[in-house]
Each structure stands twice: as structure tokens, then as C-alpha cells.
Amino acid sequence: MKETVTVKTLARELNISIATVSKALNDSYEISLETKQKVWDLAKKLKYERNPSASNLRSHKTKTIAVIIPEIANNFFSLAINGIEEIARKRDYHVLIYQTHENSEIEIAFTDSLLSGRVDGILISVSSNTNNNEHFKELVKRIPVVFFDRIFEDIDAVKITTDDYESAYNATCHLVECGCKKIAYLFALNNLVTGKNRFAGYKKALEKYNMVCTEEMIVSYDKDSNKNYENIKTLMLTQKPDAIISSIEDLALPCYYVARELNLNIPKDLKIISFSNLNTAPLLSPSLTTIEQPAFEIGKEAAGILFKILDKKHFEPNENHILKSSLIKRESTSCI
């Protein structure tokens, strides 16, 4: 019978300690690249296979991470999960996905349950109605946590975000440069830094062009989709904006429906821009101009940082990684 190749076998062949081999196989920062390469090459040559159960017991690791998001159906979060899973697979980690449905109580229940040792770390994008960060301040003291997209600024944890302020600012400037005089704003995520930064970028751009931001030109998101539709329709009828910026993709399609009901031509009568990773945006009639976040890259970045923390590699506890979004100009903002 062929002898089973173990960590001990590799250590004996290379004349190094079992601990060194184990750390090399786990890509530990304590081991030089040269030594790692020797271990990896021999492991491949001898067809070494890990025993994940034994490894997990020795390290007290579950080889599992949790991802807590508001909703899976959102295109941004679907792409972010793909990025997270790509990194997790390379580390032989399982990914557990939890949906909060924008409910902070469900969010707290999930995080509390995960403290029992079910996972090694958590990646989280907080729900839109979360307004008390004390829970999360305690959470990060008990388990490795990385926040992505929707974050708290005053928590000592790594955060992965996008340039929301600059993106909204550039989108508003684009509309002004296309001749728009009355630019409305559909406001969501107002409890979070994400939403506040987007709104601030919009206001700053108006200020640049000596345009006034009025309450009448702002529509706030409502959980009831019918109310969103009626509020947008009222905005169109009473304020007659020539452009709209939607801070989330859920409010973009109602703009199209309202425009069709009111016989408004897009983009002649109304131009539309939305923060969105909708893969159907180019297929809408007319195609939708979008501010697209690098969702897949955000997921990869967040997972990569979490694994660095788990490996006890160097990181700053309050790092803030900002990735660039892209303004994709399409027919809904054509300068006719």
C-alpha cells in the first residue's frame, strides 16, 4: 500500500520542522518565499493532500466566513458575493450568506449568532435603517469584521467603499453640461455615510453652477414601491425637472414608467442617471446612463483583507479602501 504523504513526510524530506511546513502550506508571513516554494513544489510532486478536518481542529478554525448583506437580488451585492467567493475558494473556505432585508434587528440577530464560533470572520454591508453603531463597536472587538460599501466611519475596522461623493458630483456636472437646469434627486440610504456622501456630491455640483438645491426637488425612498412611483410622478407634475439622479437602482425604473405615463421623452424632456450595476441598463429604451460601482473588485478586496486579518498579517485596524466608480454615459442623458 502506498504511504500517505503527510506534513511530517514533507518535513522529513526537506529537513525542516513540521511547524515550518505547516506555516508554509498556509502561506504564513513568517516563512520566506523561498522556503514556501520548496514546500509547495515538494507537496505537488508527492501529491500531498490536506486533511481539512484535522487542520481545522488543530487551528480551531471553522474554514468558514459569513457575508451579511441587505439583499441578494440587488445586482451590486450579487457581483460582490462573486468576488468574495473567488477569494474564499482559493483559501478552501466556505461562505455563508445572510440577508437582512434592510432590517437592523435581523442584522443584529445574525451577528450575535455568529459569535458562537460558527465562522472565523464576517464581511458586512449594513442595512439602510441601521442608525445605532454601538452594537458593531462591540462586535469588532470579538470577531474579525470587514465592512464594505455601506459602512460606519467611527468604528475601528477596515472599510471598503467607493467614491460616492465624487461619483454623484461628476454625474450632476454631466447633466448640467448637457443643458439641464432643474435637476431632481432621489434620495436613499440617508442613514448611512454612502447615502449622505452621494447627496453631498449632488449639492456641491449644483453649488458650482450657482444652482439652488430645494426640498421640492428631493424625493426620499420609501419601502412601499407604489409610494415611490406616486412620489416621483408628483415630482414630475409639480416641479417639472429636466433631469433626475437616482441614488439607488430601485428608483430608476419607476422614472421610466412615470415618463411613459406622462408622455415625457427620455432624454429630450427628461434625462436620467442612476447609481446601478443593472446588467440590463444597456437594454432599456433608451439605455440608462449609470454610475457603476466596481462591485466584483470590492468583494475581492474585502475578502482579501479579511483573510489578511485572519492570518495575522500586517493591516491598519481603521483602513479605508476607496475604489473608483465609473460614469457610463448612455442614451438616457444624450445631449440632443
For the subset of segment 1-43 comprising residues that are of a type in the set (Lys, Arg) and modelled with pLDDT under 85, which member is farthest from PHE307 (Cα to Cα)? LYS2
From the set of residues in segment 241-260 that are among the small types (Gly, Ala, Ser) and more than 25 Å from HIS101 (Cβ to Cβ), which is surrounded by the fewest Cβ atoms within 10 Å (Cβ to Cβ)? ALA259
If a residue has to be surrounded by 16 or more Cβ atoms within 10 Å (Cβ to Cβ) and more than 13 Å from LYS203 (Cα to Cα) to count, how many in segment 176-185 make the cut? 2
Subset of segment 261-294 (residues that are outside any loop (DSSP other than H, G, I, E, B) and surrounded by fewer than 24 Cβ atoms within 10 Å (Cβ to Cβ)): GLU261, ALA281, PRO282, LEU283, GLU292
Name the single residue, out of those in segment 295-319 being assigned to a loop (DSSP other than H, G, I, E, B) and closer than 28 Å to LYS196 by Cα, that is modelled with the lowest pLDDT. PHE315
Within segment 157-176, is there a residue that is modelled with pLDDT under 95 and over 16 Å from the mean Cα position of the chain (by Cα)? no
Every residue from segment 219-260 that is part of a helix (DSSP H, G or I) and acidic (Asp, Glu): GLU230, GLU249, ASP250
I'd like the full set of residues that are free of Cβ contacts under 8 Å to residues at least 40 places away in the same chain and among the aromatic types (Phe, Trp, Tyr), limited to segment 181-220. TYR209
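The values are calculated or read from the model by the stated rules, or taken from the named source; none is laboratory data. Owing to the predicted nature of the structure, the values given are computational and were not obtained by experimental measurement. Cβ sites come from the backbone with ideal geometry, for glycine too, and all protein chains shown count toward neighbours.
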